[in-house]
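Worksheet for the structure shown next.
Readers should treat all values here as calculations from the given coordinates under stated rules, not as data from a laboratory. As the structure is a prediction and not an experimental result, all values here were calculated from the model. Every residue, glycine among them, receives a Cβ derived from its backbone with ideal geometry; neighbour counts consider all protein chains shown.
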C-alpha cells in the first residue's frame, strides 16, 4: 500500500522539470478491495501529477555533496560548574563535549552539567555517536544503493540490513502526525 511521502504546501524540487514547486494537492489512487490507496501522486501545479520518486524535499541534502551534514564534530567546552580538581574521574577533566552541526560552530547538542557528571563516559559516547551519525547515514545509503542495484546478487543478511536501513531512512524523512499527548 502507498503512503504519502510529502505534505500539502511542502516545497519540493521537481527533477524532471528542473524547478522548485509547492505541493498543492495530494492525490491518492484507490483500487477496489483495498483499504488504503495503491499509489499516491502529487499535484504541484505544473500541468501533471508526479510520483514521490520524481520529487525531492527542500531540506534533503546529500552529505557527499558537502551538505548540511558534513560539518558535524565534537568540540570541548570549559566546565563552568566544577573545578578541574573536582572532576578528575571525567575522561577530559575540566571540559565536556559539545556536538556542533554548523560551520560556524553553532547549533547542535549539549548536555546538562549534572547529567554529564553522573555518567561522563556515556555522554562522551553519545557525543561521538551523534557526530558520527552523518557518516553512518552515508554508509547506510551506500548499502541500500548497492543492494538496490543488484538485489538478486545480495546475500540474505545484506538484503535484511538494507531493508532495515531503508525503514530508518523513511523514519528520518517522515513528518510525525500530532498525537496530542506528551511522552514522559
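Using C-alpha pairs below 8 Å separated by at least 6 residues, the relative contact order for the chain is 13 percent.
Between residue 106 and residue 153, the modelled labels are 4.6 nm apart [label points 7 Å from Cα along Cα→Cβ].
With angles folded into 0 to 90 degrees, how steeply does helix 120-149 sit against the dominant principal axis of the chain? Use alpha carbons for both and round to 10. Between the helix axis and the principal axis of the chain, the angle is about 30 degrees. Of 29, 123, the sequence from fewest to most neighbouring Cβ atoms within 10 angstrom is 29, 123. For the chain, the longest principal axis of the Cα atoms and the long axis of helix 156-173 meet at an angle of about 90 degrees.
Between residue 129 and residue 2, the simple label model (points 7 Å from Cα in the Cβ direction) yields a spacing of 3.7 nm.
Placing R0 at 25 angstrom, the Cβ-Cβ distance between residue 168 and residue 27 gives a FRET efficiency of 0.35 after rounding to 0.05. Segment 144-164 and segment 115-129 have Cα centres lying 34 Å from one another.
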